[in-house]
Amino acid sequence: MRAAAILLSLFLSLPIIGLLLPLFWGGGQPLSSSELGEIGDSTLLHLWNYVLTDYVVTTLLLGLGVGIGVFILGVGNAWLVANYQFPGKKLFEWGLILPLAVPAYVMAYLFVDFLQFAGPLQTILRESLGIHAALPDPRSLGGAIWTFSLCLYPYVYLVARTSFLDRSAHLMEAAETLGYSSVEAFVRLVLPMTRPAIFTGIALALMEVLADFGAVSYFGLQTFATGIFKAWLSFGDRMAAVHLSLMLLTFVLLVFYWEQHNRSRQRYALGNTISQAVIPKRLQGAHALYASCFCGLTLFLAFVLPMLILLHLLLSEGLTMDPRYFSWLKNSLGLAALTAIVAVICAVFLAYAARLSQSQTLRSMNRVLTVGYALPGAVLGVGILSFMGLLDVAWFVSVSVGVLVYAYLIRFLSAGLQSIETGLTRITPAMDGTAALLGAKPWEMIRRIHLPLLRRSVLTALLFVFVDVMKELPATLLLRPFNLDTLAVATYQLAADERLAELALPALSIVLVGLLPVILLTRAISKER
């Protein structure tokens, strides 16, 4: 089992090798040092002279803006929900995580359609109120920051809310008895205590921003993700795509390291506090109104309004259905189900092998595999295509879904692996020892004891991987076989053709599937209460 687990881990690491090998290997032959330097210098020089500055500046500005946006929305809503009683709190408590079900590229299409010059908002302003001043163009960096902030703030909201509930209530009370106002106590005491958790949520949101292609391409932004697609598909420049992928991977790994570092600091911070239940304060008058308006406006803009726009677009088509819809739906459901099953089987095998062997090597390799969720789909696709190109088997992509499922497996295995590992930690080693004394073999032990106890973890892993695959766009665009379109690809292509009314049904289907894990989260929140 140990040898098989190591081989599986190495197999899932091949795309990284595919990104590095082209730097030292060309045309099936090793490159000499002079050839290597010439190719590398020319490619990097071309990127630096023409596109690299725009990619770096745009990516940094987008990340900075989204980081500020998700901080304001996530921390603000979490603080109000965790510490105060006001009208609508029970609704906002779970409703504020609903935007997680809306992919960023779907939000981008709806945002632009609603705010553009010919959209519903400006049309109403002109015809009903006589206001002819045009609003700023939504297809801009500011529009992208606004869209990503509304989609991704739940990452910060969830971790910040949990951290606010876990904090020591008596410390807040002590600060107030020393003369600090509620705002001063929050800024000088609570915020520093919860900073690691908040930074973890921001890091998760930033990794989603760096990995996105559909939204940034629709907004016309020059980021690393759009540059990778342009270099590979438009110009056929493999070396440029590889260099850009490695640069984007460097950004992502830095954010990933930041997220992991803050998680360790979060455990340290929480381990040195005395837990005491928070007694929410009841807000009255204007303060209650402001709190309800802030949470309500966030929920309306991030979920209710997009759903209303989708339903309006669907009804504007007279409920007609594209004849290709069922083909898109079948492809999406089939790929998602197949990947989820394979991912859970691999996750159970890897987690169980590490538990049975008590091997630190396997535990470390399992930790390395969790980096997969941080790999952007564009980087993953280029790595796989590059590796297959060096082996002269890239044609296989056009005839089989196996490569696509392989990419999904690398990207989303971590979701299943973490769920299974969490479930295994709840099964005491004494239970394994008792089963062994009774003569149970390892496979019999997992079949008759562990799998029944892991049923909830297995179902959760299946669900999360299934939903993630349904929403994945960049890897699908690069690696799908001919004549195989999914709901995500169809939505992207219809948006690129400005056929926004026709994308309503596939986009709504993706959102409805994405609501499944959100429902699980809302149930968990209701149990916490």
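The values are calculated or read from the model by the stated rules, or taken from the named source; none is laboratory data. Not measured: the values here are computed from a predicted model. When we count neighbours, we look across all protein chains shown, and the Cβ atoms used for this are built from the backbone with ideal geometry, even at glycine. Areas reflect the complete protein model, heavy atoms only, side chains present, ligands, DNA and RNA absent. Shrake-Rupley method; radii C 1.70, N 1.55, O 1.52, S 1.80 Å.
Determine the dipole magnitude for region 83-144: charges of +1 sit on the beta-carbon of Lys and Arg, -1 on that of Asp and Glu, nothing else is charged, the reference point is the Cα centre, and the result goes in debye to the nearest 20.
Working: 4 positive and 4 negative charges, 33 e Å.
Charge dipole of region 83-144: 160 debye, to the nearest 20.
What residue among Ser414, Leu453, Met431 has its Cα farthest toward the positive end of the dipole of region 342-485, where the charges are +1 on Lys, Arg and -1 on Asp, Glu, each on the Cβ?
Met431
Given a Förster distance of 56 angstrom, what is the FRET efficiency for Asp54 paired with Thr177, based on the Cβ-Cβ distance and rounded to 0.05? Could the numbers behind the result be given before it?
Working: r = 54 Å, r/R0 = 0.96.
E between Asp54 and Thr177, to the nearest 0.05, is 0.55.
Could you give the length gained on full extension between Met321 and Arg282, defined as 0.36 nm per residue of separation minus the Cα-Cα distance, in nm? Intermediate results must be reported in sequence, preceding the final value.
Working: separation 39, 0.36 × 39 = 14.04 nm, distance 4.91 nm.
This chain segment gains 9.1 nm when fully extended.
Let me know the charge dipole size of the chain about its Cα centre in debye, to the nearest 20, where only the beta-carbon of Lys, Arg (+1) and Asp, Glu (-1) is charged.
Numbers: 34 positive and 29 negative charges, 414 e Å.
Computed charge dipole of the chain: roughly 1980 debye.
Distance between the C-alpha centers of region 327-349 and region 411-470? Whole Å please.
One Cα centre to the other: 18 Å.
Probe of 1.4 angstrom, ligands and nucleic acids ignored: what's the accessible area per residue over the chain, in square angstrom? Mind dumping the intermediate values first?
Numbers: 24610 Å² over 529 residues.
That works out to 47 Å² per residue.
Tell me which residues come under 5 Å, amide H to amide H, from Gln85 once H is placed; ignore anything under 5 positions away on its chain.
When sequence neighbours closer than 5 places are left aside, the close amide H contacts are Lys281, Arg282, Leu283.
Applying the Karplus parametrisation 6.51 cos²θ - 1.76 cosθ + 1.60 with θ = phi - 60° to the phi angles of region 132-146, what ³J(HN,Hα) value in whole Hz is obtained for each residue in order, glycine and proline being reported as x?
9, 5, 6, 6, x, 4, x, 7, 8, 4, x, x, 5, 4, 4
Whole-Hz ³J(HN,Hα) for each residue in region 363-368, computed from phi via Karplus 6.51 cos²θ - 1.76 cosθ + 1.60 with θ = phi - 60°, x for glycine and proline: what do you get?
Karplus-based 3J(HN,Hα) across region 363-368 equals 5, 5, 5, 5, 5, 5 Hz.
For Val304 and Ser234, compute 0.36 nm times the residue count separating them, minus their Cα-Cα distance, and round to one decimal in nm.
On the way: separation 70, 0.36 × 70 = 25.20 nm, distance 3.73 nm.
Working it through step by step, the gained length comes to 21.5 nm.
So for the pair Leu311, Leu14, with labels modelled 7 Å out along Cα→Cβ, what separation do we get in nm?
For Leu311 paired with Leu14, the spin-label model returns 4.7 nm.
Which label belongs to the value computed from this structure, given these candidates for Cα Rg over 2.2 N^0.38 Å: [x] 0.94; [y] 1.28; [z] 1.03?
[z]
Write down the radius of gyration of region 395-529 and its Dmax, each obtained from C-alpha positions, in Å.
In order Rg, Dmax, the Cα atoms of region 395-529 give 20.0, 66 Å.
If you count, for each residue, the other Cβ atoms within 10 Å and average over each peptide, how do 406-416, 68-78 line up from highest to lowest? Could you put the intermediate results ahead of the total?
Working: 406-416: 25.3, 68-78: 22.0.
The packing order, highest mean first, is 406-416, 68-78.
If you count, for each residue, the other Cβ atoms within 10 Å and average over each peptide, how do 502-515, 188-201 line up from highest to lowest? Walk me through the intermediate numbers first.
Details: 502-515: 21.3, 188-201: 19.6.
Output ranking for 502-515, 188-201: 502-515, 188-201.
Out of region 458-529, which chymotrypsin sites (Phe, Trp or Tyr not before Pro) are coil in DSSP terms and have no more than 12 other C-beta atoms within 10 Å? Could the numbers behind the result be given before it?
Numbers: sites: Phe464, Phe466, Phe482, Tyr492; in loops: Phe482.
Qualifying residues, ordered by number: Phe482.
Through the Karplus equation 6.51 cos²θ - 1.76 cosθ + 1.60, θ set to phi - 60°, convert the phi angles of region 174-186 into ³J(HN,Hα) values in whole Hz; use x for Gly and Pro.
5, 4, 5, 5, 7, x, 7, 6, 4, 5, 5, 5, 5
Would you mind telling me the share, in percent, of accessible area of region 424-499 contributed by carbon and sulfur at probe 1.4 angstrom?
Roughly 59 percent, rounded to a whole number.
If we sort 301-312, 96-107 on the protection proxy, mean other Cβ atoms within 10 Å, highest first, what's the order?
Working: 301-312: 18.2, 96-107: 24.9.
Most protected by this proxy first, the peptides run 96-107, 301-312.
Evaluate the distance, in nm, between pseudo-label points positioned 7 Å from the Cα of Ser357 and of Leu289 along their respective Cα→Cβ axes.
Label at Ser357, label at Leu289, 6.6 nm between them.
How would region 277-418 be classified by its alpha-carbon gyration tensor: rounded, prolate or oblate, with rounded meaning a/c under 1.5 and the a/b versus b/c comparison settling the rest? Write out the running numbers ahead of the final one.
Values: a/c = 2.79, a/b = 1.35, b/c = 2.07.
In terms of gyration-tensor shape, oblate.
Could you work out how much longer the chain between Ile427 and Arg448 gets when fully extended? Use 0.36 nm per residue separation minus the Cα distance between them, nm to one decimal.
Numbers: separation 21, 0.36 × 21 = 7.56 nm, distance 1.33 nm.
Gain on stretching Ile427 to Arg448: 6.2 nm.
Once the dipole of the chain is set up with Lys and Arg at +1 and Asp and Glu at -1 on Cβ about the Cα centre, which of Val159, Trp328, Phe229 lies farthest towards its positive end?
Among Val159, Trp328, Phe229, the one farthest towards the positive end of the dipole of the chain is Val159.
So how do Trp328, Trp146, Trp258 rank on accessible area, 1.4 Å probe, biggest first, that is with the largest at the start? It would help to have the intermediate numbers written out before the result.
Numbers: Trp328 15, Trp146 115, Trp258 85 Å².
Largest accessible area first, the residues go Trp146, Trp258, Trp328.
Between Ile341 and Leu135, what's the calculated FRET efficiency when r is the beta-carbon distance and R0 is 45 Å? Round to 0.05.
Details: r = 47 Å, r/R0 = 1.05.
My answer for the efficiency is 0.45.
Taking +1 at the Cβ of each Lys and Arg and -1 at the Cβ of each Asp and Glu, which of Trp79, Phe294, Leu338 sits farthest along the dipole of the chain towards its positive end, judged by Cα position relative to the Cα centre?
Highest projection toward the positive end goes to Trp79.
Just how large is the dipole of region 97-255 about the Cα centre, in debye to the nearest 20, putting +1 at every Lys and Arg Cβ and -1 at every Asp and Glu Cβ? Mind showing how you got there, number by number?
Details: 8 positive and 10 negative charges, 51 e Å.
It comes to approximately 240 debye.
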